[in-house]
1. Being touching a Ser or Thr at 6+ places or on another chain (Cβ under 7 Å) and within 24 Å of F410 (Cα to Cα) is the filter; apply it to segment 359-379 and report the residue that is modelled with the lowest pLDDT.
2. Give the residue that is farthest from N207 (Cα to Cα), with candidates limited to residues of segment 262-281 that are over 19 Å from the mean Cα position of the chain (by Cα) and in a strand (DSSP E or B).
3. Look through segment 332-341, keep the residues that are open to solvent by 20 Å² or more (accessible area, probe 1.4 Å) and either modelled with pLDDT of 80 or more or not assigned by the TED database to the domain that holds T389 (or both), and return whichever of them is farthest from I373 (Cα to Cα).
4. Provide a single number: the residues in segment 1-20 that are part of a loop (DSSP other than H, G, I, E, B), touching a strand residue (DSSP E or B) at 6+ places or on another chain (Cβ under 8 Å) and either charged (D, E, K, R) or in the same structural domain as P78 (by the TED database) (or both).
5. Under 8 Å between Cβ atoms, which residue pairs at least 6 apart in sequence (or on different chains) link something in segment 26-49 that is touching a residue at least 24 places away in the same chain (Cβ under 8 Å) and more than 15 Å from D15 (Cβ to Cβ) with a partner that is among the β-branched types (V, I, T) and open to solvent by 50 Å² or more (accessible area, probe 1.4 Å)?
6. Regarding N294, is this residue within 30 Å of W161 (Cβ to Cβ) and touching a residue at least 40 places away in the same chain (Cβ under 8 Å)?
7. Taking P312, is it in contact with a Lys or Arg (Cβ under 8 Å, 6 or more places away or on another chain) and modelled with pLDDT under 95?
8. Limited to segment 99-117, what total is found for residues that are surrounded by 19 or more Cβ atoms within 10 Å (Cβ to Cβ), under 39 Å from the mean Cα position of the chain (by Cα) and either β-branched (V, I, T) or at pLDDT 95 or above (or both)?
Amino acid sequence: MSALLRQIPANIPQDIRKIRIENSHLTELPRGSFENVSALEYLWLNFNNITVMHIKSLEYLPALQELRLQGNKLSSLPWTVFQDTPTLKILDLKHNRLDVLPEHALRYLPNLTYLDLSSNQLTIISRDVFYNWPVYQRSQRTEGQIEAISNAVLALHDNPWICDCRLRGFVQFIKAVGPPVILMNSYLTCSSPKFRTGKFFHEVELNSCMKPLTSALDTNLTVPAGLNITLTCFVQASPSPAVWWTYALKLLRAFNVTTEPISEETVRSELLIPAARPADAGNYTCTAANFLGNTSVAINLRVVAPWVPTTPRAPIAPVEPGTHVEVRIAKQTVYGITLEWFAAAAAAAEPGETWYTLLVGRYDAAQKDTIYIGPGVNTYSVTDLLPATKYEVCVAVRNQAPRKGQCVVFVTGSDVSQMEQREKLIHIVVIVCAMVLAVPAGMYACTAEALPGCLARCPRACPRRRRGGQAQAAGSKESTLDSIPAGSEDGLCRPEDIHSTRRPPVCEEPGKTRPPHRNSADLY
């Protein structure tokens, strides 16, 4: 007792009939552990740390009658090990970690009178385990006869039984069992599923197992953009299936999926798609599976703008008088811009129901990306822009074409983001664009209504000089609205009146003192 043994001692006398080694940290029973004690009848190895038994660990023990392995860590057992112990009568395996009991488990225990499997991890076992037990078979053959048969006590309580269709046969066996098989505790209880937790075996009626059958109330959905959409599928199966959703062969994230039982054999699975966009359209597949197989149902989702009917898309409507959107750049960063707009006149009559169409793309692109903005939203950030590229962003009400003044044109700077380069770009914008929208960090923008003539006149009308008075090569001086390099600071032009195109541009004198550069905060 409580000895620090790591293995069975090798010097046990041959005539020993009883061995008791408990709390001694044994971890395994190797092959031939007791080959020198063939007279052994009682073997107690309780409360050790035994996790493994070799299939020949009980070899040479034909007289063994009692084996107690209570309180060890056995998660499985080589049941054919008992072929070497034909006279075994008592087998105590309680308080281990056994989770499987194969159908042949009791086949080699013909003389067993006590079997304790309580307080393990058994969840599902077949009734054939006991139908194949010689003790039970003898009782069935001699039923109604006078032949005396020894009783066999069976302990199966305190296991986490899963009371679904897989346990149906075993529950029927427990309900019908009688002498010579006697249950130590006949009140076996269910641990799961939840709606059967705590119920006794004699209180439940289990149905046969069934392969999943999936269905959906509507397999073709057309929904407006911007709304939260919930796709629902129903699954009939026993036992309860695993359910998952896929889109374009990709498994969708679990936190958008909710699956819950609505009856004993039916579960409902819901997939939430927040703020549906046209890009979310396609086939969504709900798949369910249990040990009998799997089935699936596909739901086709079509996302349209709220004003588009289910029939083919209507053409862009003509501009209605009085409908106008004022748009401006509210914020600029090195990554992009944030637009802000306000609907006026008829568009503002019902602001809570007004949808907007945002067109974003390169200035010279024939077709721009279309983004639908739901009611109550009047800002949008344009990011991930390419350097040295001219962009145009337009905002329109509903499906109307954008009017003059509802677009913003801006040009991104080059990859060079030095402060000096930024200042040059900003100063060029301030002078060239009449309605300036100052953008820090290598970007400048102006409204589409700004006069483009200044940009073309300045290079011809103004003298150019490099910083420090050195002349630049002509090939590096040209600057256009589409691509602005690190241009010259000399000869900057200022139209005296932006609304007048007759007056010549006024240019700085070479010797005239310039005002100091302003930082980004000043330009705002």
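1. So in segment 359-379, the residues touching a Ser or Thr at 6+ places or on another chain (Cβ under 7 Å) come out as 359, 362, 370, 372, 375, 379.
If we keep only those that are within 24 Å of F410 (Cα to Cα) too, we end up with 359, 362, 370, 372, 379.
Working: L359: 85, R362: 86, T370: 79, Y372: 75, T379: 83.
Applying the filter and picking the extreme gives Y372.
2. That would be V267.
3. Of all residues in segment 332-341, those open to solvent by 20 Å² or more (accessible area, probe 1.4 Å) come to 333-335, 338, 340.
Subset that is either modelled with pLDDT of 80 or more or not assigned by the TED database to the domain that holds T389 (or both): 338, 340.
Numbers: T338: 14, E340: 12 Å.
Top of the filtered list is T338.
4. Number of matching residues: 1.
5. T27/T51; T27/V52; E28/T51; E28/V52; L29/V52; R31/I55; N48/T27; N49/T27
6. Numbers: within 30 Å of W161 (Cβ to Cβ): yes; touching a residue at least 40 places away in the same chain (Cβ under 8 Å): yes.
Yes.
7. Details: in contact with a Lys or Arg (Cβ under 8 Å, 6 or more places away or on another chain): no; modelled with pLDDT under 95: yes.
Answer is no for this residue.
8. Narrowing segment 99-117 to residues surrounded by 19 or more Cβ atoms within 10 Å (Cβ to Cβ): 101, 105-106, 109, 112, 115-117.
Filter again for under 39 Å from the mean Cα position of the chain (by Cα), leaving 101.
Those left that are additionally either β-branched (V, I, T) or at pLDDT 95 or above (or both): none.
Within segment 99-117, residues that are surrounded by 19 or more Cβ atoms within 10 Å (Cβ to Cβ), under 39 Å from the mean Cα position of the chain (by Cα) and either β-branched (V, I, T) or at pLDDT 95 or above (or both) number 0.
The values are calculated or read from the model by the stated rules, or taken from the named source; none is laboratory data. From a predicted model like this one, the values you see are computed outputs, not experimental measurements. For neighbour counting, all protein chains shown are included, and Cβ atoms are generated from backbone atoms with ideal geometry for every residue, glycine included. Please note that ligands, DNA and RNA were not included when accessible areas were found on the heavy atoms of the full protein model with its side chains. Shrake-Rupley method; radii C 1.70, N 1.55, O 1.52, S 1.80 Å.
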